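Student: First the structure, then my questions, so here it is.
The values are calculated or read from the model by the stated rules, or taken from the named source; none is laboratory data. Note that the coordinates shown come from a computational prediction; the quantities given were computed from them, not determined experimentally. The area values use the complete protein model at the heavy-atom level, side chains included, leaving out ligands, DNA and RNA. Shrake-Rupley method; radii C 1.70, N 1.55, O 1.52, S 1.80 Å.
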Amino acid sequence: RFRLAMVKMAMLSNVILVFVYVFSLLQVCYATTAPLPLTKILALWHCGPDRCIWAAEPDLSQSKWILDRGDGHPVANVINLAFVNPLALLNKTTDAKTLNGVPRGMTQKVVQFFQDQGIHVIASIGGATYGGFWNTALNSDAAGLAHAAAAMATSLNLNGIEIDYEVDGTGELTQLNTFIRTYRTLVPYQQGDKDAFLTIDLGAGISFLMDLSRASGPWLNSSSPSSPPLLNWAYAMVGAGPWGSIDDASQYWQQHLTPPSWSNIAPMAPNQLVVSLYSEPSAKNCGAYEGTVQQGAVGWIQQKNTRGIAYWSVGCDTSCVVNCTGIATTSKNLLKY
């Protein structure tokens, strides 16, 4: 009897183990959803826990509000992890903050946290602080930097790369062109919402980064039906401070769609333009929707049929931005899942 009881217990244990295994697989299957459509975009620049350095993983519980805007759908369909130092990436630097050129806090765990809900995750290379590092890296080995960016995208399973080259004037635009074209030989452009995005940041209007806006025309536009564009879309970044009204903001955004003839800048197709607003408490967009500039921005985006809106920033930059009900309401009005 004792031996029979032991056999039965062993069989029961095996059944329980199989049940636990199958249940865990079901949890994974239900937790992972298909990539969200990008007909319209609501993007969030995520600064991690430490003012965009990403030396350590953030507390992801502070980002759970991004996963559900109140109706079971995510607030954003694009997350931009900001920022990667381009020179560290090229040199594959390893130190207390960086591992093989990638910030230690930008991990597959962080990427998967958002992707499990269908959110596209892009790593932003550069930022205002890293402008000089961009120039050094481009002058050193622009093609090598493209290879390093593509390798990072593969290792983290990213959906794309963002170019945040905030160097006014002509800078190293020839070398940046080499970077972009080399990257596209490694990660070809794909039609639709597939995971091969390459995007760029421009000024709020054309006066800041004018030469970059001029150079971006050929990168955003196809030269022939057999030659796809190099970039998927462009962000018109935030200005020096929160806009006081939608008219204040849209006068700059409109410059990308209808630039003055003297600028020699090609008009941007509306579906390539993503405009930007602040999400910090001082901008009032985080905690409210009615009567804010973002409410006007949704109307402007719909009227002009532009691609969408991005927010600078969530995570912890100058302050920690979490639980933005105003942005969640913007999402409900802009993104029709």
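Student: Helix 210-220 against the longest principal axis of the chain: what's the angle in degrees, Cα atoms only, rounded to the nearest 10?
Tutor: With both axes taken from Cα atoms, the answer is about 60 degrees.
Student: Solvent-accessible area per residue for the chain at a 1.4 Å probe radius, Å²?
Tutor: 45
Student: May I ask you to list the lysines whose Cα is less than 22 Å away from that of Lys64, ignoring any residue fewer than eight positions away on the same chain?
Tutor: Reachable lysines: Lys40, Lys109, Lys284, Lys332, Lys336.
Student: Sticking with this one: Per residue of the range 53-69, what does 6.51 cos²θ - 1.76 cosθ + 1.60 with θ = phi - 60° give for ³J(HN,Hα)? Whole Hz please, x for Gly and Pro, Karplus curve as stated.
Tutor: Couplings: 8, 6, 6, 9, 4, x, 6, 5, 5, 6, 9, 5, 4, 5, 7, 8, 8 Hz.
Student: Pairs of alpha-carbon atoms within less than 8 angstrom and 6+ residues apart define the contacts here; what relative contact order does the chain have, in percent?
Tutor: Here the relative contact order equals 19 percent.
Student: Over the range 182-320, what is the relative contact order in whole percent, taking alpha-carbon pairs under 8 Å and six or more residues apart?
Tutor: Value for the range 182-320: 22 percent.
Student: Okay, moving on. In terms of modelled amide H atoms, which long-range or inter-chain residues lie less than 5 Å from the amide H of Ser276?
Tutor: Amide H neighbours of Ser276, under 5 Å, 5+ apart: Ala236, Ala310.
Student: Moving to a separate point now. When only the heavy atoms of the protein chains count and the probe is 1.4 Å, how do Thr329, Thr98, Thr39, Thr258 rank by accessible area, highest first?
Tutor: Thr39, Thr258, Thr329, Thr98
Student: Further, regarding this structure: Name the long-range amide H neighbours of Leu81: under 5 Å, sequence gap of 5 or more, or other chain; modelled H, no Pro or chain starts.
Tutor: Excluding prolines and chain starts, which carry no amide H, the hits are His46, Ile122, Ala123, Ser124.
Student: Another question about this same structure. I'd like the accessible area for Arg214: 1.4 Å probe, protein heavy atoms, all chains in place, Å² to the nearest 10.
Tutor: 80
Student: So how much accessible area does Ile265 have, in Å² to the nearest 10, using a 1.4 Å probe?
Tutor: The accessible area of Ile265 comes to roughly 20 Å².
Student: Sorting Ser226, Ser263 by accessible area (1.4 Å probe), largest first, what list results?
Tutor: Descending order: Ser226, Ser263.
Student: In addition: What list of ³J(HN,Hα) couplings, whole Hz, do you get for the range 271-285 from phi and the Karplus terms 6.51, -1.76, 1.60, once you set θ to phi - 60° and write x for glycine and proline?
Tutor: Ordered by residue, 3J(HN,Hα) equals 6, 9, 9, 10, 8, 9, 9, 7, 10, 4, x, 5, 7, 6, 7 Hz.
Student: Out of residues 5 or more away from Ala56 or on other chains, whose amide H comes under 5 Å of its own, with H placed 1.01 Å from N in the peptide plane?
Tutor: Under 5 Å from the amide H of Ala56: Gly105.
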